[in-house]
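Written out below as structure tokens is the structure these notes cover.
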Amino acid sequence: MNPQERVAELKKTLEYHIDRYYNQDSPEISDYEYDMLMQELKTLEKEHPELVTPDSPTQKVGGVAKRQAGVLVRHNVPMLSLQDVFSKEDVYHFVEEMQEQLNDPEFVVEYKIDGLSMSLRYENGSLVMAETRGDGINFGEDVTANAKVIGDVKTKLKSAPEYLEVRGEVYMKNEAFERVNERQELLGKKTFANPRNCAAGTLRQLDSAVTKERELSLFIFNIQQVRGMEFSTHTEGYEYLKKQGLTVIDDYKICKNADEVWEAICAIGENRGKLEYDIDGAVVKINRYADREQLGATSKVPRWAVAYKYPPEEKEAKLLDIELSVGRTGRITPTAVFEPVRLCGTSVSRATLHNQDFIDELDVGIGDTIVVYKSGEIIPKVKQVNKEKREAGWTKFVIPNVCPVCGAKTEREKDTADIKCTSPNCPAQLERHIMNFVGRDAMDIKGFGTVYIEELVRGGYIKDIADVYSLKEHREELIEKGIIGKEKNTDKLLDTIEKSKENDAYKLLTGFGIPNVGKAAAKNIMKHFKDIETLSHASIDELQDVNDIGEVSAECIRRFFLDEENRSVIARLKESGVNMSTEEAEVLESPISGKTVVVTGTLPTLGRKEAQELIEKYGGKAAGSVSKKTDYVLAGEAAGSKLTKANELGIPVLNEEEFKTLLGI
């Protein structure tokens with residue numbers, strides 16, 4: 001790949017991850033992985049300056065201002081990011097460069113808190129505005145209502161100048177984060193991946209009562225602007241802020257040279273595992289404001305500060321057990337159970353070991369000391385075994401040749417690393433098969449929870465998916481035993497099951513759980529064959545005529561319908577009155593007929609699903625990503641990287657009003 005192609009690829013990748021981190025509070029890679037990609041792009045652009053463009057991630061401050069918790073507001077002072085450094089050499093280079101440009105500079109080394117940046121504006125001592133970083137240059141979000149319920153935010157200052165603007169980091173202490181996730185679990189809601197994501201989502205949501213309940217915290221790390229008072233140094237400003245009752249960064253240290261700076265960075269690194277909150281680095285700042293003024297800033301970062309990023313956090317733990325679980329397809333998955341360790345703000349004690357090949361590669365056995373880290377700072381993973389700490393009598397773990405659930409024989413699937421239970425009647429497989437069948441993407445039987453499924457399978461009421469529609473025959477017994485609950489709950493679920501018979505047949509096909517046939521594939525298949533009976537007789541060649549169905553998927557489908565047990569289940573579903581056909585939706589002629597349209601961002605009145613249904617109704621194809629084949633992009637607020645790519649490719653971009661006008665609605 002030539003430099004031009006690699007730069008284009010890096011820009012695209014970084015834009016995607018910037019959107020995930022800043023706008024969706026849902027990062028997919030670790031800060032370290034992101035930083036390495038950014039460093040590679042910076043290096044290439046330095047070597048090939050002709051490839052630098054104004055829209056490059058190296059030339060912009062990350063994030064897109066969004067309208068969620070409040071309206072967009074213009075920054076009085078840009079909320080710039082910091083230049084990242086990753087080695088001792090980088091730190092010494094920065095210090096020496098500052099010493100060359102300034103007269104005997106002082107440096108302040110302090111924690112880099114892992115949270116969400118926020119500025120507070122005070123007029124004559126009263127808090128008048130709290131804003132998020134947003135795009136960093138022009139706009140942020142007004143989050144004043146939420147900020148006022150954060151304990152560390154003061155709405156009144158004791159002795160204040162005419163105007164004061166400070167910048168800090170909103171974060172969540174580890175104990176508060178654990179309490180939030182415990183509540184989420186009790187309420188049956190999705191838990192947060194880490195304290196940073198939880199803090200960011202909480203600050204941006206609309207209900208300040210929720211913000212107060214979740215116990216956010218704030219550290220102030222800079223005075224952005226002041227009128228009516230003067231400070232000569234950063235640390236003098238900190239002392240003033242502390243007297244006003246504001247919480248500033250803990251344990252900052254003033255340094256005079258590179259050795260002292262590096263010593264302070266190392267001390268923070270050694271201490272970070274003992275803190276009650278997460279940090280993702282150490283910041284080195286020039287202390288005197290006059291020196292900062294002299295140095296100024298680029299369009300993206302101040303020249304007077306850098307952020308040192310520590311390597312990814314890893315910890316050792318003793319492997320206590322390896323649990324085996326059986327999936328819906330019979331696949332056996334080993335999971336490491338180890339002594340709890342704290343990583344990236346959460347306590348972890350489990351990590352997948354994938355399969356026997358992975359276990360063999362690690363050379364791991366119960367009792368080993370393993371090294372654990374978090375992939376993307378979210379998913380716990382086992383990196384290696386510390387064999388120096390291995391105890392006598394050790395044996396490598398081997399997945400047994402019998403199923404841990406039903407005791408049936410297991411076998412390794414040809415050309416894969418998967419070991420599977422051979423029994424089609426294995427309860428573990430059946431429970432997960434039923435969960436898939438009643439799930440949102442399949443028959444969407446709301447209220448049919450995991451606990452009910454487990455009880456009904458273990459009680460012998462459900463032996464296959466067709467039995468779901470025979471539960472009404474056991475109504476009195478189910479009520480008497482309280483398996484689903486009292487009479488009202490039981491009847492409610494039975495009514496929902498009955499109504500699901502009317503679903504389009506693509507949902508039924510999805511529920512069959514055929515390998516490689518998810519919701520999207522099922523839609524395409526049923527659009528082509530119209531009904532399950534016709535599909536059941538289709539040849540492999542005929543199946544491959546369907547868009548996006550290849551030979552492997554076709555063979556899986558054909559094998560499913562040739563199985564006598566499956567044919568019997570389908571016959572019973574039909575007898576129960578389950579719909580077996582797809583109604584052809586009316587497609588209207590319009591300017592987007594045959595065109596590909598991508599929906600991105602938040603539209604004023606249409607949900608994304610509604611917009612995509614309109615596209616299909618008017619003859620268009622709703623796609624998930626922007627490419628040269630895209631004809632239109634329908635964009636709302638916080639459109640992110642898809643909008644950027646559309647502009648780069650010259651693809652027409654429509655807002656909701658323009659989209660409706662185009663369709664004549």
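Which is hydroxyl-bearing (Ser, Thr, Tyr) and surrounded by fewer than 17 Cβ atoms within 10 Å (Cβ to Cβ), of 600, 630, 661?
The unique qualifying residue is 661.
Give the range 79-101 a look and list any residue that's touching a strand residue (DSSP E or B) at 6+ places or on another chain (Cβ under 8 Å), outside any strand (DSSP E or B) and crowded, with 16+ Cβ neighbours inside 10 Å, or say none.
Result: 79, 80, 82, 86, 91, 94, 95, 98.
Sort through 209, 176 and tell me the only one that's modelled with pLDDT of 85 or more and assigned to a helix (DSSP H, G or I).
When all the criteria are applied, what remains is 176.
What is the residue count in the range 344-368 for residues that are part of a strand (DSSP E or B), closer than 18 Å to residue 332 by Cα and touching a Phe, Trp or Tyr at 6+ places or on another chain (Cβ under 7 Å)?
Matching residues across the range 344-368 total 0.
Please work out if residue 104 is over 21 Å from residue 202 (Cβ atoms) and assigned to a strand (DSSP E or B).
Answer is no for this residue.
Suppose we keep only residues that are at pLDDT below 90 and in a strand (DSSP E or B) within the range 326-340. Which one would you say is surrounded by the fewest Cβ atoms within 10 Å (Cβ to Cβ)?
Among them, the one singled out is 331.
Looking at the range 30-59, which of its residues are in contact with a Gly (Cβ under 8 Å, 6 or more places away or on another chain) and modelled with pLDDT under 75?
30
Tally time: how many residues in the range 267-292 are modelled with pLDDT of 95 or more and not aliphatic (A, V, I, L, M)?
Qualifying residue count, the range 267-292: 6.
Look through 374, 387 and report the one residue that is at pLDDT 90 or above and either within 26 Å of residue 29 (Cβ to Cβ) or touching an Asp or Glu at 6+ places or on another chain (Cβ under 8 Å) (or both).
Being at pLDDT 90 or above and either within 26 Å of residue 29 (Cβ to Cβ) or touching an Asp or Glu at 6+ places or on another chain (Cβ under 8 Å) (or both) holds for just one of 374, 387, which is 387.
Tell me whether the range 487-503 contains one or more residues that are small (Gly, Ala, Ser), surrounded by 17 or more Cβ atoms within 10 Å (Cβ to Cβ), modelled with pLDDT of 95 or more and part of a helix (DSSP H, G or I).
Yes, the range 487-503 has at least one match.
Cβ-Cβ distance below 8 Å, separation of 6 or more or different chains: which pairs start in the range 530-555 with a residue that is within 15 Å of residue 506 (Cα to Cα) and in the same structural domain as residue 519 (by TED's automatic domain parsing) and end on one that is of a type outside the set (A, V, I, L, M) and in a loop (DSSP other than H, G, I, E, B)?
Short answer, once both residue conditions are applied: 530/582; 530/584; 531/582.
Would you confirm, using the coordinates I've provided, whether residue 175 is over 24 Å from the mean Cα position of the chain (by Cα) and either within 29 Å of residue 245 (Cβ to Cβ) or of a type in the set (Ser, Thr, Tyr) (or both)?
Judged against the criteria, residue 175 is not a match.
What number of residues within the range 106-132 are buried (at least 20 other Cβ atoms within 10 Å of the Cβ) and not basic (Lys, Arg)?
The qualifying residues number 17.
For the range 530-614, give me every one of the helices (runs of 4 or more DSSP H) that falls completely inside it and has 1 or more residues that are farther than 30 Å from residue 470 by Cα, at pLDDT 90 or above and among the hydroxyl-bearing types (Ser, Thr, Tyr).
none
Which ones in the range 405-452 are modelled with pLDDT under 85, within 30 Å of residue 495 (Cβ to Cβ) and of a type in the set (Lys, Arg)?
432
Looking at (1) more than 26 Å from the chain's Cα centre (by Cα); (2) over 24 Å from residue 98 (Cβ atoms); (3) surrounded by 14 or more Cβ atoms within 10 Å (Cβ to Cβ), which one does residue 231 not meet, given that it meets all the others?
The one condition residue 231 does not meet is (2).
Scan the range 369-381 and tell me whether some residue there is in a loop (DSSP other than H, G, I, E, B), touching a residue at least 40 places away in the same chain (Cβ under 8 Å) and either over 30 Å from residue 112 (Cβ atoms) or among the polar types (S, T, N, Q) (or both).
So far as the range 369-381 goes, no, none of its residues is in a loop (DSSP other than H, G, I, E, B), touching a residue at least 40 places away in the same chain (Cβ under 8 Å) and either over 30 Å from residue 112 (Cβ atoms) or among the polar types (S, T, N, Q) (or both).
Give 495, 504 a once-over and let me know the one that is out of contact with any helix residue (DSSP H, G or I) (no Cβ under 9 Å at 6 or more places or on another chain) and under 23 Å from residue 579 (Cβ atoms).
Residue meeting the stated conditions: 495.
The values are calculated or read from the model by the stated rules, or taken from the named source; none is laboratory data. Given the structure is predicted, the values throughout are model-derived calculations rather than measurements. Methodologically, a virtual Cβ is constructed for each residue, glycine included, from the backbone with ideal geometry; neighbour enumeration extends over all protein chains shown.
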